[in-house]
Amino acid sequence: MDSERTSELQLIAQDLRILGLEMVREAKSGHIGGAFSLSEIMATLYFEKMNIDPGRPDWEDRDRLVMSKGHATVALYPTLAKRGFFPIDRLKQFRKIGGHLSGHAEMNYVAGVDMSTGSLGQGFSVAVGMALGAKMAHKKFRVFAILGDGEIQEGQIWEAAMFAAAASLDNLVAILDYNKVQLDGTVAEVQNSGPPQDKFAGFGFNVITIDGHSIQEIADAIDAAAICIGKPTIIIANTVKGKGVSFMEGKSAWHGKTPSDELFDLAFAELKEQRTKLEAIHG
Amino acid sequence: MAEKIATRHAYGQALAELGAQTSIVALDADVSTCTMSCDFGKQYPGRFVNVGIAEANMVGIAAGLSTLGYIPFVHSFAMFTAGRCFEQIRNTLAYPNLNVKVVGTHAGLSVGEDGATHQCLEDIGIMRTIPGMTIVHPCDGNETRAAVKAIAEYKGPCYLRLGRAALEIVTDKKGYEFRLGKAVLMKEGKDVTIIAVGMLVQAALKAAATLEKEGISVRVLNMHTIKPLDTEAVVTAAKETGVLVTAEEHNIIGGLGSAVAEAVTSSPYPVAVYRVGSQDTFGQSGNADALMEFYGLTDSFLSEVVRTAVNNKAK
């Protein structure tokens, strides 16, 4: 990918943060921390790598994405809206009664959402089922699953991992949002399970570790997964929870808390300042 | 002696027959030779998935397959599908309204010797609380075949409850028709109605024959679909016979008895409902027949309850 495209995607990622923050401000609730750690990943997937068509959200040969950490709607919905699956204005309906833009990912009311998720540990199995179905039907599409590093404490994740490797689902790409922070504290404090790389490798995955905020590294990892035959891939994306907002970065307190008006203003100011800098680089 | 076949054996054959449709896939969690999904697996190995002992993952994989247009049937013992996977079924199948069929075999006390850990007496109650869930519990091999076809044609999540014991065929009579959500009138009667499900349908018919000789006219309804409940048949029975007795191989809390009681108490005919079933207890190891006797799930026990019901009604 050339540097111009990289900086374009970086700008899109920043716009996703701004849209997400506006959405939470309007809703007065939502999960910011674990959405902002995903911004570059979402931009690279939906604006560069995934084979999708916003005009045909149910196109049967499209690539799929299961947001297994289903609370990351503050990343998912702005991405889908900006990509053209539904009007950006609809984000104002987030978490409101009758708006059907649910707090956790919702497939039946939101175009572009491939699976309803929210109960941690379950989405990954669904992604595995989609990848298995693609193999059964001799379809070429890929299936992406985004997992949280707190989420992988759920046993079902490892049931799914065991199956995916045994079934040689090389059309499956899991991306671990390795931001090292969960609801109650850091992952190390809550349930220190050590580095995920060895565990997934032990289960038979192709493991790629990257900087999850580097567009180039994300894109390269997705390409590398495509040429790995016979094994599912997991991309361990080192990220920062709350990335872009200085007072939120790396803080479990900002997993699901709504900022005060003053802090919203501060967060917007920081994000917009970063955007201006990115724009200057992009030229 | 009428033909006897365990519903799970009839099930295995029916699913294998259904396999001619290429959209049907079957998943099992290492008990395929018990649930009889192996019949399908032998014929259609490319559409049969043994996930190992990982039921939660099985439900999720089925959900994923269903989003591609497949119609997955997932199998394990009732304890491990409806029981263990309640939340997966609730959030990953039912909430998104995915077209997955959950099969729970070895339901109830008649599992026998394996004992309480495997005797699921709560599954109907668990599944019944999930919005949009269809629950079917056939009473014999013939009805099982009909039920499998019906739930495959129906679009949406279903729970199919099957037993382990071999059961006499009672639904091969002329005029029998299986329709989802529609109770089958097995026998007409005017003094009392037994509403039964699963293997208690046979017990109900036996009890009715005995009571008939004593001058008690018993209507028998086979409520093979517990959800959506055939409220019309229940309320009509309440109106016309004045008292109801429910019979099921399930806890009296949450199952058919509860469903029927809920229906009549909010109808213009809030008659008494006597509930035969497991009286809020766990089971234990033992021969299936001995367990049915011990926990009061026989035709003679049912007859006794019906006598009491009719007697109290007269007062």
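Some points to look at:
- Criterion violated by A:Lys180 - all others in (1) facing chain B (nearest Cβ under 10 Å); (2) surrounded by fewer than 23 Cβ atoms within 10 Å (Cβ to Cβ); (3) not polar (S, T, N, Q) satisfied: (1)
- If you check A:Gly20, A:Gly34 for being touching a strand residue (DSSP E or B) at 6+ places or on another chain (Cβ under 8 Å) and buried (at least 24 other Cβ atoms within 10 Å of the Cβ), only one passes: A:Gly34.
- Which listed residue is of a type outside the set (S, T, N, Q), surrounded by fewer than 17 Cβ atoms within 10 Å (Cβ to Cβ) and part of a loop (DSSP other than H, G, I, E, B), from B:Gly189, B:Gly215: B:Gly215
- Some residue of the stretch B:85-103 being modelled with pLDDT under 95, closer than 28 Å to B:Leu291 by Cβ and not small (Gly, Ala, Ser): no
- Odd one out for B:Asp289, checked against (1) in contact with an Asp or Glu (Cβ under 6 Å, 6 or more places away or on another chain); (2) free of Cβ contacts under 8 Å to residues at least 12 places away in the same chain: (1)
- If you go through the stretch A:130-172 and keep only what is at the interface with chain B (Cβ under 7 Å from one of its Cβ atoms) and either charged (D, E, K, R) or more than 21 Å from A:Ile229 (Cβ to Cβ) (or both), you end up with A:Gln156, A:Glu159.
- Candidates are the residues of the stretch A:96-124 that are part of a loop (DSSP other than H, G, I, E, B), of a type in the set (Gly, Ala, Ser) and crowded, with 24+ Cβ neighbours inside 10 Å; the one that is modelled with the lowest pLDDT is A:Ala105.
- Residue among A:Lys92, A:Lys135, A:Lys82 that alone is in a helix (DSSP H, G or I) and buried (at least 18 other Cβ atoms within 10 Å of the Cβ): A:Lys82
- Those residues of the stretch B:37-52 which are among the polar types (S, T, N, Q) and outside any helix (DSSP H, G or I), in sequence order: B:Ser37, B:Asn50
- Any hit, the stretch B:30-50, residues being within 14 Å of chain A (Cβ to nearest Cβ), farther than 24 Å from A:His138 by Cα and either out of contact with any His (no Cβ under 7 Å at 6 or more places or on another chain) or modelled with pLDDT under 95 (or both): yes
- Taking residues in the stretch A:211-238 that are in a strand (DSSP E or B) and surrounded by fewer than 24 Cβ atoms within 10 Å (Cβ to Cβ), and partners anywhere that are at pLDDT 95 or above and charged (D, E, K, R), the pairs with Cβ atoms closer than 6 Å and at least 6 places apart or on different chains are A:Asp211/A:Glu217; A:Asn238/A:Asp211.
The values are calculated or read from the model by the stated rules, or taken from the named source; none is laboratory data. Just so it is clear, the model here is predicted, and its values are computed rather than measured. Positions of Cβ are generated from backbone atoms using ideal geometry, with glycine treated the same way; all protein chains shown enter the neighbour counts.
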